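Right, one structure below, let's go through it.
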Amino acid sequence: MIQESLADATQKMDSAIEHVQAEFGTIRTGRANPGILHRVMVDYYGTPTPLQQLASFSVPEPRLLVVSPYDKASMGNVEKAINAAGLGLNPASDGVVIRLAFPPLTEERRKELIRVVRNMAEDGRVAIRNIRRHIKDDIEALEGEVSEDDIRRAEKELQDITDEHTARVDELLEHKEQELLEV
């Protein structure tokens, strides 16, 4: 039972880290990255649809992202959605594809994005700590069924798992900060 709880904690913490990675992917750096468009919803025949279901993406050069809608009739709606998303990008359409040029980030914008990324990382750490707290409560609820030594060992192992995942979030944050500071 204790091992199941620890395995559950590991799995939930792994998914929290994946969420943090996905959140970091939506933050614009100086490089073109299709991940920035994952939150963009396009009004497609009256239905809000994620952009990645309506178009393919390519990065022909480091500061250029090309969006190729599958349905050319949706081109205008795709452009409107990208503009409305507030990404700081201006779509340029030639009727076949939409080009998104990534301008270099200003120093002020870099600092602002670093603050946003740090908040995302802290949210990830909080999620990991909440998972730890819930699993610890589950382990402590087993007090009559298993020995106190087993409970203490499990709590120490749970703390080790938590520390490992928190360190992973810190690594991701450090990498993203370096990416943002890159000129």
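The values are calculated or read from the model by the stated rules, or taken from the named source; none is laboratory data. Please read all numbers here as calculations on a predicted model, not as lab measurements. Backbone-built Cβ (ideal geometry, glycine too); neighbour counts: all protein chains shown.
In region 88-101, the condition of being over 19 Å from residue 16 (Cα atoms), under 20 Å from the mean Cα position of the chain (by Cα) and in the same structural domain as residue 44 (by TED's automatic domain parsing) is met by at least one residue. Filtering region 1-31 to residues that are touching a residue at least 60 places away in the same chain (Cβ under 8 Å), under 23 Å from residue 103 (Cβ atoms) and under 16 Å from the mean Cα position of the chain (by Cα) leaves 23, 24, 27, 28, 29.
Among the strands (runs of 3 or more DSSP E) confined to region 1-101, the ones with at least 2 residues that are of a type in the set (Ser, Thr, Tyr) are located at 47-50, 55-61.
Within region 23-34, does at least one residue satisfy the condition of being crowded, with 18+ Cβ neighbours inside 10 Å, over 20 Å from residue 111 (Cα atoms) and touching a Phe, Trp or Tyr at 6+ places or on another chain (Cβ under 8 Å)? The answer is yes, given that some residue of region 23-34 is crowded, with 18+ Cβ neighbours inside 10 Å, over 20 Å from residue 111 (Cα atoms) and touching a Phe, Trp or Tyr at 6+ places or on another chain (Cβ under 8 Å). For region 139-183, the set of residues classified as among the hydroxyl-bearing types (Ser, Thr, Tyr) and outside any helix (DSSP H, G or I) consists of 147 only. Taken over region 109-139, the criterion of being charged (D, E, K, R) and at pLDDT below 90 is satisfied by 109, 110, 111, 112. The sole residue among 63, 39 that is under 19 Å from the mean Cα position of the chain (by Cα), of a type in the set (D, E, K, R) and not assigned by TED's automatic domain parsing to the domain that holds residue 176 is 39.
The rows are residues; the columns are (1) β-branched (Val, Ile, Thr); (2) in contact with a His (Cβ under 7 Å, 6 or more places away or on another chain); (3) at pLDDT 90 or above.
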site	(1), (2), (3)
107	no, no, no
172	no, no, yes
175	no, no, yes
183	yes, no, no
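Only one entry of 47, 29 meets the criterion of being in contact with an Asp or Glu (Cβ under 7 Å, 6 or more places away or on another chain) and either over 15 Å from residue 85 (Cβ atoms) or outside the structural domain of residue 177 (by TED's automatic domain parsing) (or both), and that entry is 29. Determine, yes or no, whether residue 136 is assigned by TED's automatic domain parsing to the domain that holds residue 6, among the basic types (Lys, Arg) and either assigned to a loop (DSSP other than H, G, I, E, B) or out of contact with any Asp or Glu (no Cβ under 9 Å at 6 or more places or on another chain) (or both). Against the criterion (assigned by TED's automatic domain parsing to the domain that holds residue 6, among the basic types (Lys, Arg) and either assigned to a loop (DSSP other than H, G, I, E, B) or out of contact with any Asp or Glu (no Cβ under 9 Å at 6 or more places or on another chain) (or both)), residue 136 does not qualify.
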